[in-house]
1. Looking at region 44-62 only, could you name the residues that are exposed (fewer than 11 other Cβ atoms within 10 Å of the Cβ) and either in a strand (DSSP E or B) or in contact with a His (Cβ under 6 Å, 6 or more places away or on another chain) (or both)?
2. Is it the case that some residue within region 13-26 is in contact with a Pro (Cβ under 7 Å, 6 or more places away or on another chain) and either surrounded by 10 or more Cβ atoms within 10 Å (Cβ to Cβ) or part of a loop (DSSP other than H, G, I, E, B) (or both)?
3. Tell me, yes or no, whether region 32-42 has at least one residue that is touching a Lys or Arg at 6+ places or on another chain (Cβ under 8 Å) and at pLDDT 95 or above.
4. Is it the case, given these coordinates, that Ser48 is among the small types (Gly, Ala, Ser) and touching a residue at least 24 places away in the same chain (Cβ under 8 Å)?
Amino acid sequence: MRPEHAIEQRLTEIRDGLVRVGTVSGTSGTHVIVAVDGANLTLPRLASYTPSTGDVVQILAVRPGAWFVLGKIA
């Protein structure tokens, strides 16, 4: 594999590990219950996002294990 392709592949793997997509199944106070990869996670959200059940949302990892809901995908 050419070096530039190897670098591009690795950067894609890193990016894919930081962003997820899920579906809102409920809320709990200021947190959102999101179905991601077959599991329900209760995650914090941005204050500007008002969740609704069924929303498809983007989830970002601030650091490994620290996820939060950015908001609904338009």
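The values are calculated or read from the model by the stated rules, or taken from the named source; none is laboratory data. All values reported here derive from a predicted model rather than from experimental measurement. Don't worry about glycine lacking a Cβ; one is built from the backbone with ideal geometry, like all the others, and counts go over all protein chains shown.
1. Val62
2. Going through region 13-26, the residues in contact with a Pro (Cβ under 7 Å, 6 or more places away or on another chain) turn out to be 24.
Those left that are additionally either surrounded by 10 or more Cβ atoms within 10 Å (Cβ to Cβ) or part of a loop (DSSP other than H, G, I, E, B) (or both): 24.
The answer is yes, given that some residue of region 13-26 is in contact with a Pro (Cβ under 7 Å, 6 or more places away or on another chain) and either surrounded by 10 or more Cβ atoms within 10 Å (Cβ to Cβ) or part of a loop (DSSP other than H, G, I, E, B) (or both).
3. yes
4. No, not satisfied.
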